[in-house]
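Data first, discussion second: the structure below is written as structure tokens.
The values are calculated or read from the model by the stated rules, or taken from the named source; none is laboratory data. Keep in mind that this is a model prediction, so the values were computed, not measured. For neighbour counting, all protein chains shown are included, and Cβ atoms are generated from backbone atoms with ideal geometry for every residue, glycine included. Only protein heavy atoms, including side chains, enter the accessible area calculation; ligands, DNA and RNA are left aside. Shrake-Rupley method; radii C 1.70, N 1.55, O 1.52, S 1.80 Å.
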Amino acid sequence: MRKTLCLIFAFFLFHAVAMAQEPANMKGMTERHNFWRAKLGIAPLTWSNELAQYAQNWANKLAAKGCKLEHSGGKYGENIYWCSGMAGTPQQAVDSWASERRFYDHDKQICRGTWDKCGHYTQLIWENTTQVGCAKVICESGAEIWVCSYSPAGNWQGQKPYKKK
């Protein structure tokens, strides 16, 4: 009986983790990430509440610092988006990062120019990344900062973002 209860508990725990869903203000965030990944045949990401909490903690710290943009330097991959004068959407944030694809040479798998021109995009499509969690804050000025955290992190020097099919 005890072994059966443990197996049932483990199943429900696994099911709860696998079914983690974005909060209402992030609705569509994972879907939009996966839209861009699918264009390259890269496996979809799943939402992580743990990563979302990490992203929220960092976003809160940025807000406390006057909304100055900087990366956390933590153990996760990270993309940051800033907007002002309008309410941002998950699609706008992700599409902003994806717009850097114009600086990425998919044949050679390198950035055209310096890495900072396409680093948000390569994190978005990093094949070994399997989870994403995101958050946003509204600054005193009314501007918004969106933070997404990724696990495992991408953008490792000397590695390609994905295997060419």
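Of everything in region 116-137 that is open to solvent by 40 Å² or more (accessible area, probe 1.4 Å) and touching a residue at least 40 places away in the same chain (Cβ under 8 Å), the residue that is farthest from Ala59 (Cα to Cα) is Glu127. One residue stands out in region 59-90 among those that are surrounded by 15 or more Cβ atoms within 10 Å (Cβ to Cβ) and either among the polar types (S, T, N, Q) or free of Cβ contacts under 8 Å to residues at least 24 places away in the same chain (or both): the one that is nearest to Thr130 (Cα to Cα), namely Asn79.
Across region 37-54, the qualifying residues are those that are of a type outside the set (S, T, N, Q), in a helix (DSSP H, G or I) and touching a residue at least 60 places away in the same chain (Cβ under 8 Å), and the one among them that is nearest to Gln123 (Cα to Cα) is Arg37.
The one condition from (1) β-branched (Val, Ile, Thr); (2) surrounded by fewer than 19 Cβ atoms within 10 Å (Cβ to Cβ); (3) in contact (Cβ under 8 Å) with a residue 12 or more places away in the chain that Ile110 does not meet is (3). Here is a check on your reading of the model: is Ile80 assigned to a loop (DSSP other than H, G, I, E, B) and out of contact with any Gly (no Cβ under 9 Å at 6 or more places or on another chain)? Answer is no for this residue. Residues in region 39-55 that are open to solvent by 70 Å² or more (accessible area, probe 1.4 Å) and farther than 20 Å from Lys75 by Cα: Lys39, Pro44.
For Ala10, the requirement of being aliphatic (A, V, I, L, M) and at pLDDT below 50 is met. When region 91-107 is examined, which residues are found to be open to solvent by less than 90 Å² (accessible area, probe 1.4 Å), farther than 13 Å from Trp146 by Cβ and without any contact (Cβ under 8 Å) to a residue 24 or more places away in the chain? Residues satisfying the conditions are Ser99, Glu100, Phe103, Tyr104, Asp105.
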